[in-house]
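Read through the structure below, which is laid out as structure tokens, and then see the notes.
The values are calculated or read from the model by the stated rules, or taken from the named source; none is laboratory data. Just so it is clear, the model here is predicted, and its values are computed rather than measured. Positions of Cβ are backbone-derived with ideal geometry, glycine not excepted, and every protein chain shown enters the neighbour counts. Ligands, DNA and RNA are stripped out before the accessible areas are found, and what is left, the full protein with its side chains, is counted by its heavy atoms. Shrake-Rupley method; radii C 1.70, N 1.55, O 1.52, S 1.80 Å.
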Amino acid sequence: MLLVFVWVNGVAQSASMGSSYMTGNLMLVSVPSGARTIIDGEEVGVTPCLISELSVGSHTVSLFKDGYFPQICDVVVEEGKTVEKKLTLREKKSGGSLSISSYPSHAEVKIDGEKCGLTPLVKEGLYPGRYRVEITLNGCNPEVHDVVVMEGETVALNVAMGEKAQTGSLSVSSYPSGGTVRINGLAVGLTPFTRESLEVGTYSIEVTKDGYNDVVKDVVVTAGETSKMNVTLKEKQRTGSLYVTSTPTDAWVMVNGEIAGQTPCTKEGLPFGTYKVEVVKAGYLGEERNVAIYSESVKNMSFALQSNSGNTVQSSSYTTTQRNYSSSSYNSSNSNTSGTVSKNTKSSSLSYDKGKFVTFGLNASAGYDYDGYTFGLGGMMRIGRFDNRLNLLLGAKYQYVSPYLEHQFLVPVIINWNWIRFKKVSWYIGVGCDVCIASSEEGLISLGLDEDGALSIDELYPSTLGLSLGIAGKHFDWNVGVKVNEDFRILETGFTYYF
């Protein structure tokens with residue numbers, strides 16, 4: 001039997017709330033008194049009050065009084081004991097206030113999720129602490145602010161509502177589907193593709209797919225609408241390459257009447273099909289063939305041109321355009337001749353400036369072996385153009401050898417074999433030697449003369465034999481190689497600039 005005692009005019013009166021086998025008592029007092037008392041959801045009276053025969057354990061006590069903030073707490077009742085609990089209620093008027101205004105006004109205000117009205121708004125009696133304020137207005141972006149209310153103070157919150165960004169949607173489709181979609185260069189998905197809430201404006205849309213040509217378009221996104229981009233992807237045109245060589249080299253190559261270069265010559269990016277290839281060189285009879293390109297691999301063609309020294313004229317009965325070719329350009333005479341046309345190109349200027357047959361240059365080199373390093377500087381003479389099959393190089397060179405602190409004077413003799421020749425450069429393999437004619441330690445060796453004045457190969461020590469790989473052009477020569485003798489194994493690189 002739960003017994004409740006309520007003081008009426010100073011006299012305690014009791015009330016029953018049920019019974020329990022294990023019970024205790026609870027004495028509740030509030031400041032100020034007269035607060036409505038609720039225990040575990042059941043109203044039992046007003047403070048002060050004594051609740052007897054409460055079951056042992058925890059109970060939730062709630063006190064309510066007009067003009068005061070509610071007070072809620074948990075109380076533990078012990079068996080056979082009277083627990084006293086005194087609670088002080090806080091007046092609402094002692095809290096803080098929140099003044100909220102907005103531009104434009106009449107925006108809806110929520111404080112901690114509870115609707116409080118429209119701006120301008122003053123909310124009083126707020127318990128000191130932190131509150132989340134949400135301000136919303138149609139056509140504007142919502143504003144969310146965290147504010148701290150202090151006791152006895154008024155916090156002012158003034159906000160300018162920003163207009164919502166206008167947005168639209170974008171839809172991209174392609175045939176075939178599965179193309180990668182990029183918006184302003186950023187990959188966003190595969191077709192068919194839709195993106196909503198895009199800000200109004202112009203976007204660069206790219207659709208790509210392996211085996212097909214890329215499609216790029218500018219699309220304008222309009223507010224509240226869906227902008228559509230539908231594309232049909234076209235298959236990429238398959239192409240092949242043509243590699244033309246001739247004997248002799250440096251013959252002009254024309255593919256379907258267009259100059260492609262000089263032999264050896266590579267023409268890339270030719271769409272699948274049949275082409276007419278013409279090869280001409282001054283002093284030789286021109287030759288033409290048809291070639292079919294239906295593979296992405298390189299098609300090789302080789303021409304052996306016949307000398308025209310006997311003034312033999314090869315003729316054919318078709319219409320052609322006479323052209324004069326030079327190293328930098330060609331001029332069309334625009335005079336078409338019908339009937340018998342000479343292919344004797346002896347009168348055509350088909351030369352490309354390969355430089356002089358004998359050129360002089362400056363050489364610098366650096367080498368390294370397991371004991372130290374070398375530096376060299378000197379002059380070089382090249383006999384033969386860079387694209388000739390063979391070149392002879394002669395020079396004079398000073399070389400410093402470390403760590404021996406030795407100074408040497410060398411005569412390089414090198415033969416280069418140009419094994420891959422292009423229009424402006426050639427790759428070569430070089431074999432040669434550096435003949436040492438003087439040394440700071442050995443003294444003058446007298447160009448290999450022994451004590452009796454006779455020529456002696458032994459006196460050429462420490463001359464070196466070398467093997468190198470390099471690339472040469474009209475004005476340069478760069479190589480990497482190995483030089484050896486009885487004492488040295490040198491890895492060396494050198495560069496020569498020809499005037």
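Specify which of the listed residues (Gly152, Gly168, Gly162) is touching a Ser or Thr at 6+ places or on another chain (Cβ under 8 Å) and loosely packed, with under 12 Cβ neighbours inside 10 Å. Give the steps one after another, and end with the answer.
Details: Gly168 fails: loosely packed, with under 12 Cβ neighbours inside 10 Å; Gly162 fails: touching a Ser or Thr at 6+ places or on another chain (Cβ under 8 Å).
Residue meeting the stated conditions: Gly152.
Looking at the structure I just gave you, is Val144 open to solvent by 70 Å² or more (accessible area, probe 1.4 Å) and under 21 Å from Asn158 (Cβ atoms)?
Values: open to solvent by 70 Å² or more (accessible area, probe 1.4 Å): yes; under 21 Å from Asn158 (Cβ atoms): yes.
It is true that Val144 is open to solvent by 70 Å² or more (accessible area, probe 1.4 Å) and under 21 Å from Asn158 (Cβ atoms).
Is it the case, given these coordinates, that Glu84 is on the phi > 0 side of the Ramachandran plot and either open to solvent by 70 Å² or more (accessible area, probe 1.4 Å) or modelled with pLDDT under 90 (or both)?
Details: on the phi > 0 side of the Ramachandran plot: no; either open to solvent by 70 Å² or more (accessible area, probe 1.4 Å) or modelled with pLDDT under 90 (or both): yes.
No: the conditions fail for Glu84.
What number of residues in region 214-224 are in a loop (DSSP other than H, G, I, E, B) and surrounded by 12 or more Cβ atoms within 10 Å (Cβ to Cβ)? Selection size over region 214-224: 2. The number of residues in region 363-386 being more than 16 Å from Tyr428 (Cβ to Cβ) and surrounded by fewer than 17 Cβ atoms within 10 Å (Cβ to Cβ) comes to 11.
Output the residues belonging to region 235-257 that are farther than 23 Å from Arg389 by Cβ, modelled with pLDDT of 90 or more and not in a loop (DSSP other than H, G, I, E, B).
Of region 235-257, the ones farther than 23 Å from Arg389 by Cβ are 235-242, 254-257.
When the remaining residues are screened for being modelled with pLDDT of 90 or more, the result is 241-242, 254-256.
Result: Ser241, Leu242, Met254, Val255.
The set of residues in region 464-482 that are open to solvent by less than 20 Å² (accessible area, probe 1.4 Å) and among the polar types (S, T, N, Q) contains only Thr464. Would you check if there is a residue in region 84-93 being within 29 Å of Ala156 (Cβ to Cβ), touching an Asp or Glu at 6+ places or on another chain (Cβ under 8 Å) and in a strand (DSSP E or B)? No, every residue in region 84-93 fails to be within 29 Å of Ala156 (Cβ to Cβ), touching an Asp or Glu at 6+ places or on another chain (Cβ under 8 Å) and in a strand (DSSP E or B).
Determine, yes or no, whether Val159 is farther than 19 Å from Ile100 by Cα, among the β-branched types (Val, Ile, Thr) and in contact with a strand residue (DSSP E or B) (Cβ under 8 Å, 6 or more places away or on another chain). Even if it seems obvious, please write down each step before you answer.
Values: farther than 19 Å from Ile100 by Cα: no; among the β-branched types (Val, Ile, Thr): yes; in contact with a strand residue (DSSP E or B) (Cβ under 8 Å, 6 or more places away or on another chain): yes.
Criteria not met by Val159.
Every test in (1) farther than 30 Å from Ser102 by Cα; (2) surrounded by fewer than 18 Cβ atoms within 10 Å (Cβ to Cβ); (3) touching an Asp or Glu at 6+ places or on another chain (Cβ under 7 Å) is passed by Glu206 save one, and that test is (2). Once region 387-410 is narrowed to residues that are of a type in the set (A, V, I, L, M) and either at negative phi or modelled with pLDDT of 85 or more (or both), the residue that is most open to solvent (accessible area, probe 1.4 Å) is Leu390.
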